[in-house]
Amino acid sequence: MTSRDTEDHHPAPGAALWPLLFVLLWSTGFIGARYGLPYAPPLTFLALRYAIVIVIMLAVVVLARAPWPGSRRAVGHIAVSGLLIHGVYLGGVFIAIDHGLPAGVTALVVGVQPLITALLAGWLFAERVSPRQWLGLGLGFLGVALVVQTKITAFAAEQVWMMLLPAVVALLGITAGTLYQKRFCPAFDLRSGAVIQYLPCLIGTALLALAFEDMVIDWSADLIFALAWLVLVLSIGAISLLNMLISRGSAVNLARLFYLTPVSTALIAWAMFDERLGPVALAGMGLAASGVWLARR
């Protein structure tokens, strides 16, 4: 299936549930990082993840005889979008968490993406952002901030800013990558496209790991579980959904989904790690959900 299939007049069965499924799967990436990072340096872990994804998807391409892009220009656009969406974004997130930034705070930083996307979408795609959508985006950001603000207070201001830098880089990567793909390569085969997107990520991440990390891996059960989950569920499942959503909708409508990621992450962390949610966090979840509802088309 190609992402062009998603542009048919009749939506695919269950397409209305794709955004919610994407939020749920995307949120588990922070949980997977928490499981795996104690056993491998962040860039080494990511390089291994990219390599496994490429092998799997290359086998799928060969067996299914999936088409490749018809020009070098198309290949280049797909590669650049992948480097931004996967390489820069995931590299920033994993380094931030590895340096001690709580997953919720990392999710909050990335949660600023809808506001930046809304500011740029009108300029790049002539998308009109209505006052109701601006209100929804603002409420969503406020709700996300309330959910994770208790985690920020546990650190000194200087320490927070030092840990925030990789997360800010991740924010810029996912924002630029989503907008770039929407503009230059919104439709491509998801199977061959995955190989093209992850290959530059593997090369760049492996080179950085060789330069700055010892690349020692402790092959524990938790690491293997985290790696399998991040490869199969995130890198293949969630990213395929993301590519389909990019081809189907506006940049603003897609970006608003990221407001639900910190909320979903907090719920999963509560269920798996017994991280308690106080009244302020619950109120923030309500605000975030209301903001997403208002920001819809």
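What follows draws every value from the coordinates through simple rules; no lab data is involved. On a predicted model such as this, the values are computed, not experimentally measured, just so you know. Don't worry about glycine lacking a Cβ; one is built from the backbone with ideal geometry, like all the others, and counts go over all protein chains shown.
Step through the residues of the range 214-225 one at a time and calculate ³J(HN,Hα) from phi using the Karplus curve (6.51 cos²θ - 1.76 cosθ + 1.60, θ = phi - 60°), rounding each to whole Hz and writing x for Gly and Pro. Listing the rounded values in order: 7, 6, 7, 10, 9, 6, 8, 5, 5, 5, 5, 4 Hz. When peptides 186-195, 88-97 are ranked by their average number of other Cβ atoms within 10 Å per residue, the highest-first order is 88-97, 186-195. Amide H contacts for Asp189 (H built 1.01 Å from N in the peptide plane; partners 5 or more residues away or on another chain; cut-off under 5 Å): Ser3.
Order of 73-83, 57-67 by packing, highest average Cβ count within 10 Å first?
Values: 73-83: 20.0, 57-67: 14.0.
The packing order, highest mean first, is 73-83, 57-67.
Across all Cα atoms of the range 166-209, the radius of gyration (one decimal) and Dmax (whole number) stand at 12.1, 32 Å.
Stretching the chain fully between Arg183 and Ile56 yields a gain of 42.9 nm (0.36 nm per residue, less the alpha carbon separation). Less than 5 angstrom separates the built amide H of Leu101 from none of the residues sequence-distant by 5 or more or on a different chain. Modelled spin labels at Leu24 and Leu135, positioned 7 Å past Cα toward Cβ, are 3.1 nm from each other. Of the peptides 229-241, 44-56, the order by per-residue mean of other Cβ atoms within 10 Å, starting with the highest, comes out as 44-56, 229-241.
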